[in-house]
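Novice: I'd like to ask you about the structure that follows.
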């Protein structure tokens, strides 16, 4: 080949509170046993369609004199504007270079398993709506939040894990849902007592007392108790995979040594080396 193959991962994220999406564009080249990041940039976008995203990537590559014909890999999240086979970002890039193979992000694919599982069950949709309503009720007032914390402090759950407070239910970040359901499952009785305290407090507004009684009634339903335990167990498994990098970071703080087979180690799930991949891509290019 005339040049080393290039791969462009693109990681979009939203800035909280703003209607915008910013992709992180990274160009990488294969250098013997390692993948070396050579360029990185953050681009502000007002339009999120696949065609506009493709245009931004092509501009990014041209700025660094990278020939798009050397592109051999694309890796994005699984939002509909990315992997779409007709109008997705990867489709527009592949029309220019059919050797630019699209590789879905494994982490986002795992995230979608939880999304689809929840969307397929009316009971799950109702449960997460209830968790969000519970969070909204306590977080709407510093006084209510303090009551919640007081009852959690008295419970064994809070003593075991000081971070087990209610969290906002996120539509896209399932680690947030894992934290929310874990907090509810482990502190179920404490949340009931907190609501009972507010419902019986005559100094509270009539609206607050009414909401507390309604939420208390929902907490008393066996269906929600089962859902809390069930989803806490399921999402804890998904969250554990997403937090692997955090585990490594904390481990590195305790020791300055690396994996004993660092140079040869291949992460589980990768059954082909970069050298083998390059040979495969070269053979495909010759055939084309």
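Each reported figure results from applying straightforward, stated rules to the coordinates on display, with no laboratory input. If you're wondering where the values come from, they're calculated on a predicted model, not measured in any experiment. Virtual Cβ from ideal backbone geometry, glycine too; neighbours counted across all protein chains shown.
Novice: What spacing in nm lies between the two simple spin-label points modelled at residue 145 and residue 119, each 7 Å away from Cα in the Cβ direction?
Specialist: Here the answer is 3.2 nm between the modelled labels.
Novice: Find how much the distance from residue 51 to residue 136 grows on full extension, using 0.36 nm per residue of separation minus their present alpha carbon separation; answer in nm with one decimal. Could the numbers behind the result be given before it?
Specialist: On the way: separation 85, 0.36 × 85 = 30.60 nm, distance 3.82 nm.
Gain on stretching residue 51 to residue 136: 26.8 nm.
Novice: Can you give the extra length, in nm with one decimal, that the chain gains between residue 237 and residue 44 once fully stretched, where that is 0.36 nm per residue apart less the Cα-Cα distance? Each step should come with its number before you reach the end.
Specialist: Details: separation 193, 0.36 × 193 = 69.48 nm, distance 3.37 nm.
Gain on extension, residue 237 to residue 44, equals 66.1 nm.
Novice: So, one more: Quick check: pseudo-label points 7 Å beyond the Cα along Cα→Cβ at residue 95 and residue 69, how many nm apart are they?
Specialist: Rounded to a tenth, the inter-label distance reads 2.0 nm.
Novice: Subtract the Cα-Cα distance of residue 254 and residue 226 from 0.36 nm times their separation in residues, and report this length gain in nm to one decimal. If you can, show how the numbers build up before the last one.
Specialist: Working: separation 28, 0.36 × 28 = 10.08 nm, distance 3.84 nm.
Separation in residues times 0.36 nm, less the Cα-Cα distance, equals 6.2 nm.
Novice: Please work out the C-alpha center-to-center distance from segment 174-236 to segment 53-67 and express it in whole Å.
Specialist: Value for the Cα centre distance between the two parts: 50 Å.
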